[in-house]
Amino acid sequence: MSNSINNPKMKKSIFTILSITILILAWQLLTMLVRLPDLVPSIPHLFSTLVALFASGSFYQSVMATVLRGTIGMSISLMAAMGVSLLFYKCEWIYELFRPLLAIMRSIPVISFILLALIFLNAESIPLIIAFLTMFPLLTENLTKGIRGQRKEFSIMARQFRIGRWNKLTQVVYPQLKPFLYSGLASASGFGWRAIIMGEVLAQCSPGIGGEMKQANFYSRSRIDRMDDYSNSDQLSF
């Protein structure tokens with residue numbers, strides 16, 4: 001028994017279950033205190049609604065629409081970042097010229113891009129534009145660091161042994177570039193998915209996770225307003 005408790009995997013599993021249990025109890029306690037089932041539903045009602053969502057075809061349609069927008073945005077950003085990174089590697093002065101612009105693009109809040117896009121662009125294209133503007137700077141910066149950090153002695157060795165271009169790309173260049181590529185993809189996907197859903201919420205794209213969240217917000221707000229109106233009318237009649 002003591003050996004199983006001291007097992008790191010077992011301890012991690014116990015803490016995970018304990019954390020989930022505390023979260024569920026805290027949610028149920030909040031439900032009892034707030035007493036607004038439309039805003040903070042109970043745990044049984046929450047699970048029953050989740051089961052109903054998983055059985056609904058519109059749920060998967062919305063999820064797939066958002067995933068498709070994210071995948072297209074990631075693919076466009078990655079291809080553009082690869083081309084720009086190679087250009088920065090070939091021309092040092094171009095990299096120094098555009099490096100402040102990449103820093104500005106990373107520092108500007110996403111909501112600023114979305115609000116500008118709502119003025120000038122079609123609502124359906126906003127999530128893709130936002131995905132590109134958030135993912136492209138991160139991917140470009142990481143790929144540029146990876147390409148500029150290539151060890152020249154490996155390229156010299158590949159040239160001396162007359163290694164073909166494809167083998168050089170897959171066996172020499174890619175292993176050195178892989179940590180920067182994966183780091184950039186992880187950061188870009190984390191920021192990009194949130195930005196896409198935020199853009200869907202403000203642009204009210206349908207189908208999409210953000211559009212469904214906006215509809216749920218409108219429905220919940222309407223229910224709460226009606227409850228407030230009924231409460232005020234009861235107080236006036238009293």
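No lab work stands behind these numbers, since they all come straight from the coordinates. Remember, it's a predicted structure, so these values are computed and weren't measured experimentally. Using ideal geometry, Cβ is built from the backbone for each residue, glycine included, and neighbour counts are taken over all protein chains shown.
Points worth noting:
- Using the average count of surrounding beta-carbon atoms within 10 Å as a protection proxy, the listed peptides 181-188, 51-58, 103-110 rank, highest first, as 181-188, 103-110, 51-58.
- 14 Å beta-carbon shell around ALA195, net charge (K/R +1, D/E -1): +2
- Qualifying trypsin sites (Lys or Arg not before Pro) for region 1-72 [loop in DSSP, other Cβ within 10 Å: at most 13]: ARG35
- 3J(HN,Hα) from dihedral phi, region 57-70, Karplus parametrisation 6.51/-1.76/1.60, rounded to Hz, x for glycine, proline: x, 5, 4, 5, 5, 5, 5, 5, 5, 5, 4, 5, 4, x
- Each of SER125, SER62 has some number of other Cβ atoms within 10 Å of its Cβ, and from fewest to most they run SER125, SER62.
- Size of region 1-84: Rg and Dmax of its alpha carbons, in Å, are 20.9, 58.
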